[in-house]
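Trainee: Would you mind keeping the following structure in view while I ask a few things?
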Amino acid sequence: MNPLDIASHGPVIPVIVIDRVEDALPLAEALLAGGVKVLEVTLRTAAGLPAIETIARHLPEAVVGVGTVLNADDARRASEAGARFAVSPGYTSEVGNACKALRLPLLPGVATSSEIMAALADGFSFLKLFPAEAVGGIPLLKAWASPFGPVGFCPTGGITSATAPNYLALPNVRCVGGSWLTPTDAVRAGDWARITQLARDAQGLRAAS
């Protein structure tokens, strides 16, 4: 899978933090019901890897990936669990080479021009701007458009349903990442209908931009 294929399924990639493995399947089903097919499950909790494995086994129609990949071992374990792509908060050649060896598409995180150049040198041209709002957001992406013309971005970090259309209107933004599709209180309460509605709303953001 080409990393850009991740962006072809919709304007928003949900950044998912799962505390309880038993929430993984109904949460993924709720997002799918709302039209969101690409799911980034982070390694921020112990439930992350088993959640990826559960979704990959039971919902093959979902494109489940792993987030918060910090090293080669994270990439390997996630690939073995069934992850179909990886996302890292920053970029190192170690992570890039590991994902290449695993044939695991990588969306690497960048926050500076030097990191973009390092990722480009290793063959990556679709990148995650993280943490987007904190490092400059829309003005930064506009400034990068000229020197880094071929680069596409998925800004993530601090983006909301209200600000997402402003990002999606930029020509170098392919999609955005956001945690607002899976609010902690909704997941804890098992309010899957709310998550489905948030997913439906997110699918319409590109048209609104």
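The values are calculated or read from the model by the stated rules, or taken from the named source; none is laboratory data. Remember, it's a predicted structure, so these values are computed and weren't measured experimentally. Ideal geometry is used to build each Cβ from the backbone, glycine not excepted, and the neighbour counts take in all protein chains shown. Quick note on the areas: whole protein, heavy atoms, side chains included, nothing else; ligands and nucleic acids left out. Shrake-Rupley method; radii C 1.70, N 1.55, O 1.52, S 1.80 Å.
Trainee: For the chain, which whole percent of the accessible surface, found with a 1.4 angstrom probe, sits on carbon and sulfur atoms?
Mentor: 53 percent
Trainee: Would you list, by chain and number, the lysines whose Cα falls below 28 Å from the Cα of Lys100, excluding same-chain residues fewer than 8 positions away?
Mentor: The reachable lysines, counting only those whose Cα sits under 28 Å from Lys100, are Lys37, Lys128.
Trainee: By how many nm would the segment from Arg20 to Arg200 grow when fully extended, if each residue of separation counts as 0.36 nm and the alpha-carbon distance is taken off?
Mentor: On the way: separation 180, 0.36 × 180 = 64.80 nm, distance 2.41 nm.
Separation in residues times 0.36 nm, less the Cα-Cα distance, equals 62.4 nm.
Trainee: Have a look at Leu141, Ala81, Trp192 and report the one farthest towards the positive end of the charge dipole of the chain, computed about the Cα centre with Cβ charges (Lys/Arg +1, Asp/Glu -1).
Mentor: Leu141
Trainee: Explain nothing, just compute: Karplus ³J(HN,Hα) = 6.51 cos²θ - 1.76 cosθ + 1.60, θ = phi - 60°, for every residue of segment 144-159 in order, whole Hz, x for Gly and Pro.
Mentor: 7, 4, 6, x, 10, x, x, 7, x, 10, 10, x, 9, x, x, 8
Trainee: Moving on to the next point. What accessible area per residue comes out for segment 78-120, rounded to a whole number of Å², with a 1.4 Å probe?
Mentor: 41 Å²
Trainee: How big is the chain in terms of Cα radius of gyration and Dmax, in angstroms?
Mentor: Every Cα atom of the chain included, Rg and Dmax give 15.9, 46 Å.
Trainee: May I pose another question? To the nearest 20 Debye, how big is the dipole of segment 74-209 about its Cα centre, given +1 on the beta carbon of each Lys and Arg and -1 on that of each Asp and Glu? It would help to have the intermediate numbers written out before the result.
Mentor: Values: 12 positive and 9 negative charges, 66 e Å.
Around 320 debye, computed over segment 74-209.
Trainee: So if we plug the beta-carbon distance of Leu4 and Asp191 into 1/(1 + (r/R0)^6) with R0 = 30 Å, what FRET efficiency do we get, rounded to 0.05? If you can, show how the numbers build up before the last one.
Mentor: Working: r = 33 Å, r/R0 = 1.10.
E between Leu4 and Asp191, to the nearest 0.05, is 0.35.
Trainee: Grab the Cα-Cα distance for Ser93 and Ala33, subtract it from 0.36 nm times how many residues apart they are, and report the gain in nm with one decimal.
Mentor: Once the chain is fully extended between Ser93 and Ala33, it gains 17.9 nm.
Trainee: What FRET efficiency, computed as 1/(1 + (r/R0)^6) with R0 = 22 Å and r the Cβ-Cβ distance, is obtained for Arg103 and Ala145, rounded to the nearest 0.05?
Mentor: Details: r = 31 Å, r/R0 = 1.39.
My answer for the efficiency is 0.10.
Trainee: Rounded to whole Å, give me the distance from the Cα center of segment 123-138 to that of segment 12-62.
Mentor: 23 Å
Trainee: Per-residue HN-Hα couplings for segment 37-51, Karplus 6.51 cos²θ - 1.76 cosθ + 1.60 at θ = phi - 60°, whole Hz, x for Gly and Pro?
Mentor: Taking θ as phi minus 60°, the curve returns 9, 8, 10, 9, 9, 7, 9, 7, 10, 5, 7, x, 5, x, 5 Hz for segment 37-51.
Trainee: Can you list residues whose amide H is under 5 Å from Lys128's amide H, if they're 5+ apart or on another chain and H is modeled 1.01 Å from N?
Mentor: Those qualifying (amide H under 5 Å, at least 5 residues apart or on another chain) are Gly109, Val110, Cys154.
Trainee: Related question: Please turn the phi angles of segment 2-7 into ³J(HN,Hα) values with the Karplus equation 6.51 cos²θ - 1.76 cosθ + 1.60 (θ = phi - 60°), one per residue in order, whole Hz, x for glycine and proline.
Mentor: Going residue by residue, I get 5, x, 5, 4, 4, 6 Hz, with x marking Gly and Pro.
Trainee: Could you pull out every residue, at least 5 positions away or on a different chain, whose amide H is within less than 5 Å of the one on Val12? Hs are placed 1.01 Å off N in the peptide plane, and Pro or chain starts have none.
Mentor: Residues meeting the amide H criterion: Val176.
Trainee: Counting only residues 5 or more places away or on other chains, whose amide H sits under 5 Å from the amide H of Val173 once H atoms are built in the peptide plane?
Mentor: Phe153
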